[in-house]
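S.K.: Here it is, the structure in full.
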Amino acid sequence: MQIIVVVSLLPSVFSQLITHDYCVLGAGPGGLQIAKFLDEAGRDYIVFERSHGPGSFFHRFPRHRKLISINKRFTGRVNKEFNLRHDWNSLLSQNESLQFFHYSHDFFPHADDMVRYLQNFSFALNIHYDREIRKVKMKSSPEAWNGHYFFLEDQTEQEYKCNVLIVATGLSLPNKLKFPGEEYAEGYETISIDPSNFTGQNVLILGRGNSAFETAENILSSTSFIHMIGRSRVRLSWSTHYVGDLRAVNNGLLDTYQLKSLDGLLEGDLSDLALYRDDSGKLYVTHKHYLKRGLSAASNHSMKSASMLPQDDLDNFAAREPYDRVIRCLGWKFDFSIYDKSVRLKASSGRKWKYPLLKPNYEAKHSQGLFVVGTASHGIDFRKSAGGFIHGFRYTARSVYRMMENRYHNIPWPSTHYPIYQLLNVLLRRMNEASGLYQMFEVLVDVVLLGSDSTTFEYLEEVPAGSIPNVEKSTGRKIYNTGVFILVMEYGKNFSGPDKDVFHYNRAIGDAKAAWRSNFLHPVIYYYKQLPLEQQMELRPHGWPLPRPDHIHHVVEDFLTDWTGPNSHMLPLRRFLENCLQKDLRTFYADSCFVFSLIHQKLPIFCQQVYLQNQGLKRKDELKNYTSDLGFIMKTETKVEVDSLHSQSKDEL
């Protein structure tokens with residue numbers, strides 16, 4: 001007698017609930033970056049990825065396999081932090097082998113290289129593949145970190161419980177518009193990428209972004225003509241300074257349009273569009289307003305000939321020629337479908353409708369403990385900075401990690417302490433090296449917290465600008481009523497935009513006295529006697545990253561983005577800092593401090609904190625004479641010069 005044992009999966013009601021402190025949805029670049037930070041800190045976390053490997057988006061997209069993220073391998077510098085300004089693909093890691101230039105030498109890399117890079121980056125991280133989370137809900141509990149737990153259910157009905165939920169799923173759903181005849185439009189996500197399939201065809205592309213122009217660039221040499229229609233005018237990234245706008249590598253259609261080679265751009269609201277197909281399969285465009293004058297909805301928007309097309313009396317309608325293909329390239333949106341109403345994850349309004357509604361610290365507006373990182377966090381800085389791209393969200397993910405460390409583990413935001421005379425040097429170093437401030441301009445800022453007696457300061461890097469009113473709570477750092485400096489990178493207020501001529505003749509500002517008129521990206525230092533309030537943040541002037549300060553200083557723009565000019569950059573900045581602090585921030589040799597101590601009751605802060613602490617550097621005659629001739633230091637040897645020093649205002653010193 002043969003016994004057959006049948007083994008089956010137990011129902012989910014008998015499966016054990018799996019608990020973790022941190023749950024991360026998605027193993028794309030954003031999910032891997034936050035997982036890397038959590039892993040290095042030894043936190044209890046798990047990453048869920050519905051595909052069989054990391055970076056599944058890059059297995060299919062971009063369809064034509066060329067990334068538009070810059071892979072600049074040579075900058076002439078060896079400083080890693082500076083080089084990250086021009087490396088748009090590497091995630092943040094202490095492992096030198098995980099720099100993207102080891103994986104590709106192409107300026108615009110192949111998408112397969114990104115897949116290979118992410119596979120190596122994900123090594124040893126706690127990622128569970130082939131786990132598709134299909135339902136997320138929230139339940140109150142006094143034991144939970146945030147007063148509630150997040151419960152996740154995968155495709156096998158296995159449940160997971162988390163204190164903190166980090167969403168890194170990106171924008172996964174293609175945008176689709178409802179209009180008559182929409183079924184005739186093929187999607188960017190499925191359209192053929194073989195140019196020979198478009199030979200001799202008339203093609204209409206719906207959309208104006210990089211995916212639309214990428215598609216056009218691929219088939220430009222095969223088609224009869226390409227028309228592209230969108231609601232807004234073409235926005236060129238070199239004009240708007242927004243990396244998400246049209247990049248030069250994809251803009252061949254602009255040439256063939258303006259040089260009269262049959263291709264062209266049309267402006268119109270796509271929601272007013274209507275498509276009709278005749279018996280031969282040709283597609284015609286009209287305005288849905290004319291439906292009531294022509295075909296009914298019941299006709300399935302088809303007709304026997306073009307003479308039946310409902311339209312106005314104009315015979316020079318730009319899109320009057322029939323099309324063989326219509327391609328929808330309207331971008332992507334966030335998938336809210338898996339979140340139960342108890343989670344209260346809402347969509348943003350206005351032009352940010354495709355992103356989740358977030359607070360300035362990247363936490364869901366109505367769900368404490370739910371953070372969004374990666375591309376989907378771009379709602380904070382949409383059409384402004386680089387938060388929707390690797391070279392931007394790698395820094396915002398680090399900011400989220402630092403805030404979580406402070407909130408849940410009482411580990412304050414990393415900071416460094418300096419004596420006040422080092423303030424100029426620290427600011428100069430950051431504005432010349434920092435990559436996070438450079439890429440996330442006007443969004444991430446450096447904060448200088450002055451000590452209780454203003455003789456020391458604490459330096460915090462890459463804090464979200466929107467969270468400045470709550471910086472003490474979010475960073476765990478003490479704030480005194482002695483003042484705050486904030487360093488931020490900005491473009492000129494009226495320099496960027498689709499209708500701006502960013503190549504106008506007098507675009508560059510070289511005079512430090514006119515630094516406030518600088519157009520190109522440059523450092524700006526805000527000084528507040530007291531930290532701004534939330535109401536002040538909400539009422540800040542349009543286009544300003546921060547409220548109006550008590551004092552503000554623009555460091556004049558520099559063609560080489562090198563703000564180390566003694567006269568153009570350093571001297572004006574030092575005088576600004578001195579004016580705010582009412583302190584002399586100059587540095588002196590020991591012999592100068594000795595002379596000051598003989599003739600003044602109050603010494604410069606440098607002499608107080610260095611010379612009087614038995615420190616300081618003595619000048620040698622050769623160095624002394626050379627630097628004196630250049631005017632970099634003061635001569636103090638002769639009686640006339642000593643008397644001159646004596647005559648200076650004691651308050652100034």
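S.K.: Provide the packing ranking of 101-109, 550-558, i.e. peptides ordered by the mean count of other C-beta atoms within 10 Å per residue, highest first. Walk me through the numbers on the way to the answer.
M.R.: Details: 101-109: 15.7, 550-558: 19.4.
My ranking of the peptides, most packed first, is 550-558, 101-109.
S.K.: Which order do the peptides 66-75, 269-278, 431-440 come out in when sorted by mean C-beta neighbours inside 10 angstrom, highest first?
M.R.: Working: 66-75: 16.1, 269-278: 17.7, 431-440: 23.3.
Top of the packing list down: 431-440, 269-278, 66-75.
S.K.: Using the Cα centre as the reference, give the magnitude of the dipole from point charges on the C-beta atoms of the chain (Lys, Arg: +1; Asp, Glu: -1; all else neutral), rounded to the nearest 20 debye.
M.R.: Working: 76 positive and 72 negative charges, 175 e Å.
So the magnitude is around 840 debye.
S.K.: Right, something else. In straight Cα distance, which aspartates and glutamates are under 18 Å from residue 80, not counting same-chain residues fewer than 8 positions off?
M.R.: 96, 433, 461, 462, 562
S.K.: Using a 1.4 Å probe and counting only protein heavy atoms, arrange 114, 570 so the residue with the most accessible area comes first.
M.R.: Sorted by accessible area, descending: 570, 114.
S.K.: Follow-up. Using every alpha carbon pair in the stretch 425-481, what percent of pairs falls into each 10 Å bin from 0 up to the bin containing the largest distance?
M.R.: 22, 50, 27, 1
S.K.: Along the three principal axes, how long is the stretch 105-203 when you take its alpha carbons, biggest first, rounded to the nearest angstrom?
M.R.: Taking the Cα atoms of the stretch 105-203, the three principal extents are 67, 46, 26 Å.
S.K.: Then there is this: Take every DSSP beta bridge with both residues inside the chain and express the antiparallel ones as a percent of the total, to the nearest 5.
M.R.: Details: 50 of 86 bridges.
Close to 60 percent.
S.K.: Plugging the Kirkwood radius over Cα pairs into Stokes-Einstein for the stretch 1-142, at a temperature of 20 °C and a viscosity of 1.002 mPa s, what D comes out in µm²/s?
M.R.: Calculated translational D: 120 µm²/s.
S.K.: Ok, one more. With the calculation restricted to Cα positions, what are the radius of gyration and Dmax of the stretch 50-101 in angstrom?
M.R.: Rg, Dmax (Cα atoms, Å): 13.4, 41.
S.K.: Relative contact order, percent, of the chain when contacts are C-alpha pairs under 8 Å separated by at least 6 residues?
M.R.: Working: 1238 pairs, mean separation 69.5, N = 653.
11 percent.
S.K.: Take the cross-link list 137/365; 176/365; 135/161; 137/354; 137/161 and give me the ones stretching past 19 Å between alpha-carbons.
M.R.: Going by Cα-Cα distance, 176/365; 137/354 fall outside the 19 Å limit.
S.K.: When only alpha-carbon atoms count, how far does the stretch 160-267 stretch along each of its three principal axes, as whole angstroms with the largest first?
M.R.: 60, 35, 27
S.K.: Kindly express, to the nearest 10 degrees and within the range 0 to 90, the angle between helix 621-630's C-alpha long axis and the longest C-alpha principal axis of the chain.
M.R.: Result, in degrees: 60.
S.K.: Give me, ordered by chain and number, the residues 5 or more places off residue 132 or on other chains with an amide H under 5 Å from its own placed amide H.
M.R.: Residues meeting the amide H criterion: 155.
S.K.: Test of understanding: extend the Cα→C-beta vector of residue 221 to 7 Å, then name every residue of the stretch 49-87 with backbone N under 14 Å from that spot.
M.R.: Counting only backbone N, you get no residues.
S.K.: Right, another one. Which log10 I(q)/I(0) values, to two decimals, does the chain give at q = 0.10, 0.11 Å⁻¹ under the Debye formula with one point per Cα?
M.R.: -1.04, -1.18
S.K.: Are there cysteines in the chain with no second cysteine's Cβ under 4.7 Å away, and if so, which?
M.R.: Cysteines lacking a close Cβ partner in the chain: 329, 580.
S.K.: Check which residues have an amide H placed less than 5 Å from residue 328's amide H, if you skip close sequence neighbours.
M.R.: 186, 187, 188, 206
S.K.: Enter the angle in degrees (range 0 to 90, nearest 10) between the Cα long axis of helix 423-433 and the first principal axis of the Cα atoms of the chain, meaning the one along which they spread out most.
M.R.: 30 degrees
S.K.: How far apart, in nm, are two points set 7 Å out from the Cα along the Cα-to-Cβ line at residue 59 and at residue 505?
M.R.: Label-label distance for residue 59 and residue 505, simple model: 5.7 nm.
S.K.: OK, next. Using the Kirkwood formula on the Cα atoms of the stretch 148-202, what hydrodynamic radius do you get, in angstrom to one decimal?
M.R.: Computed over Cα pairs of the stretch 148-202, the Kirkwood hydrodynamic radius comes out at 16.1 Å.
S.K.: Quickly rank 202-214, 254-266 as a protection proxy: mean count of other C-beta atoms within 10 Å, highest first.
M.R.: For the peptides 202-214, 254-266, the packing ranking is 202-214, 254-266.
S.K.: Report the percentage of all Cα-Cα pairs in the stretch 468-616 whose separation exceeds 23 Å, rounded to a whole percent. Walk me through the intermediate numbers first.
M.R.: Details: 5864 of 11026 pairs.
For the stretch 468-616, the fraction of Cα-Cα distances above 23 Å is 53 percent.
S.K.: Right, next: In degrees from 0 to 90, rounded to the nearest 10, what is the angle of the helix 571-581 Cα long axis to the longest principal axis of the chain?
M.R.: 80 degrees
S.K.: When N counts the residues of the stretch 463-509, how does its alpha-carbon radius of gyration compare numerically with 2.2 N^0.38 Å, as a ratio?
M.R.: Compared with the compact-globule rule of thumb, the stretch 463-509 sits at 1.83.
S.K.: At 222 nm, what helix-only mean residue ellipticity would the chain give, in deg cm²/dmol to the nearest 500, using -39500 (n - 2.57) for each DSSP H run of four or more?
M.R.: Values: 17 runs with 142 residues, N = 653.
Estimated from H runs of four or more residues: -6000 deg cm²/dmol.
S.K.: Rg and Dmax in Å for the stretch 334-456, alpha carbons only: what are they?
M.R.: Over the stretch 334-456's Cα set, Rg and Dmax evaluate to 17.2, 55 Å.
S.K.: With a Cα-only, solvent-free Debye model of the stretch 394-512, what are the log10 I(q)/I(0) values at q = 0.09, 0.21 Å⁻¹?
M.R.: -0.31, -1.21
The values are calculated or read from the model by the stated rules, or taken from the named source; none is laboratory data. For clarity, every value in this text was computed on a predicted model and none was experimentally measured. Note that each Cβ is placed from the backbone with ideal geometry, even for glycine, and that neighbours are counted across all protein chains shown. Please note that ligands, DNA and RNA were not included when accessible areas were found on the heavy atoms of the full protein model with its side chains. Shrake-Rupley method; radii C 1.70, N 1.55, O 1.52, S 1.80 Å.
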